[in-house]
Each structure stands twice: as C-alpha cells, then as structure tokens.
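Written out below as structure tokens is the structure these notes cover.
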Amino acid sequence: MRRFLDLQVASIWADVSAELPGVRGTALDVGCGSQPFRELFNPNVRYQGVDIRDASHFGYNNVPDTIYYSGDVWPVADASVDFVLATETLEHVEDPGKFLAQAYRCLSPRGRLLLTVPFAARWHYVPRDYWRFTPSSIKQLLSRAGFQEIAVFARGNEITVACYKLIALLLPLVMPQNRGRVSGLILRLISLPFLPWLFLFAVIGNLSMMGKGGDDCLGYTVLAEKP
C-alpha cells in the first residue's frame, strides 16, 4: 500500500528490484537504515549494512547486522566488496565527493555501484538534507571519484511529479499525523470526498512510470563501475 501511494518509494523499489537479484559476491548497503532492500538480494550474497552512528536522527537505531560508524571513512577494507548500494543517501552527505571516494576504495575491480537520489522531493530530515543532483552533477562527481560506465536513469516524468504533489496534498487529510483524536477524526471526515481522487492520482502516477523518464522527475537511479 505504501508503494502504491508513495510514488518515490514505488519508483525506487522498481529500479532496485530489477538490479539486486543479479548481484553476486559481497554487497555493501551504505546508509542502510532498516535494510528494506536486503530481501531483494540473492540468498547467496554476503550482505553487510553500514550506517552513521547518529542514524537515530533519521529514525533508525540498533538495527541488527548493521555496523555503525563515525567520520568519513567506512569500516570496510579496501577492494573487499563487489557491489555498493546507497539509496536516498547521497543528499544527506555533507561532502558527496568523499562519500563516493569511499565507495570506490571499498569496491573490487569491476565492482558496481548503485545510487538513487531524489529530485522532486521536499526538504526532509531537516537540517540534514543538503543536495538535489542533476544527471550532469552526478556524472561529474562519479567521474572525479574514478568511476566509469556511468548510467543515469530518470524515475518518472512530469505526470508522475504532478501526481506525487497532488497525493502529498491529500494524504495529510486522509492520514493525519500528530493530531488529537477529535481533530484527526474531523480531517478524516473532510477527506472522504477526496478519496477517489487520491486513488486516481495514485493509479495515474504508477502508470506514468511505465513510460519514458523526463527532465522533471521524482529522482534518478545511477549505475557505475570501478575499472
């Protein structure tokens, strides 16, 4: 249900689920949070999640099988992993160049990196949301870090973004957060006439992602390789 209504999550899941089952060897999930994509890896993959020590700011803490660290250096040996995954993480990193340099260091030769970054997304986890990337900036950062075979794919298009924004306007009525019992009930009653529209926007938004990605999109999925 969340993937149906949250088009950002739906678009990320679609791209990641197409790539992760084919990963082999050792996979490193950086900024892994609650490890929502772990189940998509082949069971034979050696999975390791890492996250920053103050991940509680993002709502995650003490997740099993996660290594927590401080500073800019990941607690991973050089050239020791075959695949690095970082979903919706790079925008929360103060120095993206250092982050990508760590990904390059940890990957073995011919190892691959998969990133997702938002584009049409609100300012979130304030104040630790620093960047919105374009394909040009992503390619430049990855090239400077040493990566090759860089491919950037837009997630969604203008129709997807429009539906995403309309859903964001209606959801606080349908699912009010941090409200009292009475005010929450009133908002839900007010939302009843809008429920068909919410469903319609979700259907159109999900269908729009089956088409070609546009310049105005929800975000980008990026693949790159260490030579």
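List of remarks:
- Relative to the current alpha-carbon distance between Q148 and S56, full extension at 0.36 nm per residue lengthens the span by 29.7 nm.
- Over the chain, Cα pairs under 8 Å with separation of 6+ residues give a relative contact order of 23 percent.
- Extension reserve of the I204-V182 stretch, reckoned as 0.36 nm per residue once the Cα distance is removed: 4.7 nm
- Principal semi-axes of the equivalent ellipsoid, √(5λ) from the alpha carbon gyration tensor of the stretch 159-205, are 22, 11, 5 Å from largest down.
- When both the stretch 185-227 and the stretch 84-101 are represented by their alpha-carbon centers, they are found 24 Å apart.
- Peptides 192-200, 146-154 ranked from most to least packed by the mean count of surrounding Cβ atoms within 10 Å: 146-154, 192-200.
- Residues whose amide H comes within less than 5 Å of that of G219, counting only those at least five positions distant or on another chain, are F119, A120, R155 (H built at 1.01 Å from N in the peptide plane).
- Degrees separating the helix 96-106 axis from the principal Cα axis of the chain, which is the longest one: 50 degrees
- When the helices of the chain are scored as -39500 (n - 2.57) per DSSP H run of n ≥ 4 and the total is divided over every residue, the value at 222 nm lands at -11000 deg cm²/dmol.
- Bridgeable lysines around K139 (alpha carbons under 16 Å apart, same-chain partners fewer than 8 residues away excluded): K98, K226.
- In the chain, the DSSP beta bridges split such that about 40 percent are antiparallel, to the nearest 5.
- Relative contact order (percent, whole number), the stretch 115-227, Cα cutoff 8 Å, 6+ residue spacing: 50 percent
- nm² value of the averaged projected area, convex hull over the Cα atoms of the stretch 107-227: 9.7 nm²
- Beta bridge orientation in the stretch 26-115: antiparallel %, DSSP, nearest 5: 0 percent
- Each Cα pair under 8 Å and six or more residues apart adds its sequence gap; the mean of these over the residue count of the stretch 159-205 is a relative contact order of 59 percent.
- On Cα atoms only, tilt of 7-19 relative to the major axis of the chain in degrees: 30 degrees
Quick note: the coordinates plus some simple rules give every number you see, no bench work behind them. Treat the numbers as computed from the prediction; the structure is a model and nothing was measured. Quick reminder, even Gly has a Cβ in these numbers, built from the backbone with ideal geometry, and neighbours come from all protein chains shown.
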